[in-house]
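The values are calculated or read from the model by the stated rules, or taken from the named source; none is laboratory data. Note that the structure is predicted; figures quoted are calculated from it, not measured. Glycine also receives a Cβ, built like all others from the backbone with ideal geometry; neighbour counts cover every protein chain displayed.
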Amino acid sequence: MKVLCYSSFTFSYLNRARVLFQTLRRFHPDWELVALITDRAPEGFDFDPASEPFDRVVWAHDLAVPHFPSWLFKHDVVEACTAVKGPFMRQACASGAEAVIYLDPDTALFAPLDPLLAWLEDHDILLTPHLIDPNDEPAAIADNDLSASRTGIFNLGFAAIRTAGEGARFARWWNDRLLDYCFDDIPDGLFVDQRWCDHVPALFDKVKVVRDPGYNVASWNLSRRTVAIDRQGAIRVNGEPLRFWHFTKLGPLGDAMTRRYAGANFPVYEVWSWYKRQVSAATDPAIPERWWAFGAYADGVPVERAHRLLYRTRADLQAAFPDPFASGRGTYQRWLEQEGA
């Protein structure tokens, strides 16, 4: 089966993406690996795609999203990198690949994903839920079960489709929803792409919910997954091979949530220690921390979230300022200054 695997990120996550693609290359050298980047390289960083562990780069501005500067401005960095996943998946269905797999940049493989391809022989859409076993402790229910109820049953750090049939129909639907409704707005029923995919089992046939504990291991499911490492270094989760780990929120918050639910399951800390070393080795000091070219106006002044939200809800402003990132006379930025917004 011809497979295209992609990840969506900015340059501040290039270090994590490098680790992901290195592990993908190790286990699946025949897959086409694509970096989907919604960013511009920071000054002083010489980006050479030929030296990276992926096959090619697709820039978000080349996805033919209508009125791209205006569309992009409506999104913060997480919303934007999530929203472009749909348009790329839809276009990838016409790339010649038989299967398309998405993985978040902060994931890493520990074993081949061949079972996914076997499942795609009989199913067109594969999704992984945040939880495959219910929690019993009140704290875990509050942190994990109720969190999944708010943010989505499935974790969209992973998705896989066949590029025909229901998979192609899903890609078209996902494209349409993410172009218009990929926002972090939990009170309004939205959490980027994840809440939308709660509908998938009802809207599409040939959907498989992957309940193998070796897939998408993360802090939110460690309360129900036990990790073990044998003498040969093979890692198992509840007795099954660890396929990929989702190292979400690398840093103090991720550490705190991991400690809370890993407890005395010490192999978890070994896996995290390995990942931190890999990310550190892949980090280029020329890329500023939290860099995102579209986080500021043309003059370098940071774009406030309130400015994005106002622009998102005002069709008149979108019509008047088709490039809201611009600075100077007659721009959205100047209008905000004059209005005192």
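Do we find a residue being in a loop (DSSP other than H, G, I, E, B), touching a Gly at 6+ places or on another chain (Cβ under 6 Å) and closer than 28 Å to Ala17 by Cβ anywhere in segment 274-292? Yes, segment 274-292 contains at least one residue that is in a loop (DSSP other than H, G, I, E, B), touching a Gly at 6+ places or on another chain (Cβ under 6 Å) and closer than 28 Å to Ala17 by Cβ. Put simply, of Ser7, Ser70, Ser12 the only residue that is touching a strand residue (DSSP E or B) at 6+ places or on another chain (Cβ under 8 Å) and polar (S, T, N, Q) is Ser7. All conditions in (1) within 20 Å of Pro115 (Cα to Cα); (2) assigned to a strand (DSSP E or B); (3) not aromatic (Phe, Trp, Tyr) hold for Ala228, with the sole exception of (1). Considering the conditions (1) surrounded by 18 or more Cβ atoms within 10 Å (Cβ to Cβ); (2) touching a strand residue (DSSP E or B) at 6+ places or on another chain (Cβ under 7 Å), Pro87 is excluded by exactly one of them, (2).
Summed over segment 107-123, the residues that are among the hydrophobic types (A, V, I, L, M, F, W, C) and part of a strand (DSSP E or B) give a count of 2.
Just one of the listed residues (Ile101, Ile132) is β-branched (Val, Ile, Thr), buried (at least 17 other Cβ atoms within 10 Å of the Cβ) and closer than 18 Å to Thr163 by Cα, namely Ile101. Only residues that are out of contact with any Asp or Glu (no Cβ under 7 Å at 6 or more places or on another chain) and either modelled with pLDDT under 95 or small (Gly, Ala, Ser) (or both) were counted in segment 12-34, giving 1. Among the residues of segment 230-248, the one identified as of a type in the set (A, V, I, L, M) and modelled with pLDDT under 95 is Ala234.
Might you let me know whether segment 57-74 holds any residue that is more than 15 Å from the chain's Cα centre (by Cα), outside the structural domain of Phe325 (by TED's automatic domain parsing), touching a residue at least 12 places away in the same chain (Cβ under 8 Å) and over 25 Å from Leu179 (Cβ atoms)? No; the residues of segment 57-74 include none that is more than 15 Å from the chain's Cα centre (by Cα), outside the structural domain of Phe325 (by TED's automatic domain parsing), touching a residue at least 12 places away in the same chain (Cβ under 8 Å) and over 25 Å from Leu179 (Cβ atoms). Remark: pairs (first residue in segment 132-154, in contact (Cβ under 8 Å) with a residue 12 or more places away in the chain; second residue surrounded by fewer than 14 Cβ atoms within 10 Å (Cβ to Cβ); Cβ separation under 6 Å; 6+ apart in sequence or on different chains) = Ile132/Arg211; Arg150/Ile186.
Picking from residues in segment 234-255 that are under 23 Å from Leu156 (Cβ atoms) and in a loop (DSSP other than H, G, I, E, B), the one that is farthest from the chain's Cα centre (by Cα) is Asn238.
Test Leu36 against the stated conditions and say whether it is farther than 18 Å from Asp284 by Cα, touching a helix residue (DSSP H, G or I) at 6+ places or on another chain (Cβ under 8 Å) and either touching a residue at least 24 places away in the same chain (Cβ under 8 Å) or among the hydrophobic types (A, V, I, L, M, F, W, C) (or both).
So Leu36 fits the description; yes.
With the condition kept exactly as written, say whether any residue in segment 157-165 is touching a residue at least 12 places away in the same chain (Cβ under 8 Å), crowded, with 18+ Cβ neighbours inside 10 Å and in a helix (DSSP H, G or I). There is no residue in segment 157-165 that is touching a residue at least 12 places away in the same chain (Cβ under 8 Å), crowded, with 18+ Cβ neighbours inside 10 Å and in a helix (DSSP H, G or I).
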